[in-house]
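Below is one structure; the comments refer to it alone.
The values are calculated or read from the model by the stated rules, or taken from the named source; none is laboratory data. This structure is a prediction, so every number in the text was calculated from the model and none was measured. Counting neighbours? That spans all protein chains shown, and the Cβs are built from the backbone with ideal geometry, glycine included. In case anyone asks, the SASA skips ligands and DNA or RNA and just uses the protein heavy atoms, side chains included. Shrake-Rupley method; radii C 1.70, N 1.55, O 1.52, S 1.80 Å.
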Amino acid sequence: RETVLYGLAGKLIHESEADHYTKQYAYYLQCARENRASSPDGDVTNMSFDNYLTQVYYKTSLAFEYLKSYMGDSLFDACLQRYYDDWKFKHPEPGDLQTSFESACGRNLDWFFKDMILSDKKTDYALCYVKHNGSRAILGIRNDGQVNAPLEVSAWKDSVLIERYTID
């Protein structure tokens, strides 16, 4: 069975040619750009199937990929292990995941749990300008979104990663 993505997502990819992550991102991006986003913990009886799919499953999955990229595999795994150790054989509440993660990583993750996961806020960074200064580049970056999430900026030359910066 082959499914074709419609609208913006259909212009970006054809489902049979994309990996799972790319499909989820395209679906979520289409929903977000059309302002059909809602909080994943909202009343599901008021959500369309597409909205439910993109907000509850895709947005959450993509957000955790973002967090994992920000933290790195080993710290992210340590956070998951802490959550498991804290709550095995118990009944955690939704906020307990944030508490375990913050305890394990030593960082405030409100930007992730409150703004990215439990809201309809969007991340939207814009590259305003690039100024070249010898062998270096100065970037002007503006946050047009409502989430003050960390941003990773990478410098590449001839398909080789040269430098990577995280702006908190």
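Given only helices, namely DSSP H runs of n ≥ 4 each adding -39500 (n - 2.57), what is the per-residue ellipticity at 222 nm of the chain, to the nearest 500 deg cm²/dmol? Provide the component values of the computation, followed by the final result.
On the way: 6 runs with 64 residues, N = 168.
Calculated at 222 nm, the ellipticity per residue is -11500 deg cm²/dmol.
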Starting from the amide H of SER39, placed 1.01 Å from N in the peptide plane, find each other amide H under 5 Å away whose residue is 5 or more places distant or on another chain. ASP120
If one computes the Cα centroid of segment 145-168 and of segment 59-83, what distance in Å separates the two points? 17 Å
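Work out how much length GLU65 to ALA126 would gain on full extension: take 0.36 nm times their residue separation and subtract the Cα-Cα distance, in nm to one decimal.
19.9 nm
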Selection from HIS20, GLN30, ASN143, by position along the positive dipole direction of the chain (Cβ): ASN143
Using the Karplus curve 6.51 cos²θ - 1.76 cosθ + 1.60 with θ = phi - 60°, work out ³J(HN,Hα) for each residue of segment 104-109 in order, rounded to whole Hz, and write x for Gly and Pro. 6, 9, x, 10, 7, 10
What's the ranking of 156-163, 124-131 by average number of surrounding C-beta atoms within 10 Å, highest first? 124-131, 156-163
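Greater than 26 Å separation of Cα atoms is the criterion. Which listed pairs, LYS23/LYS88; LYS23/LYS157; LYS68/LYS121; LYS23/LYS90; LYS68/LYS114, meet it?
LYS23/LYS88; LYS23/LYS157; LYS23/LYS90
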Could you work out which residue, out of ARG107, ARG136, ARG82, moves most in a Gaussian network model of the chain, that is, has the largest mean-square fluctuation with Cα springs under 10 Å? ARG136
Judged on accessible area alone, 1.4 Å probe, highest first, PHE76, PHE49, PHE89 line up as PHE89, PHE49, PHE76
Most fluctuating residue given options ASP19, ASP110, ASP144, as computed from a GNM of the chain linking Cα atoms under 10 Å: ASP19
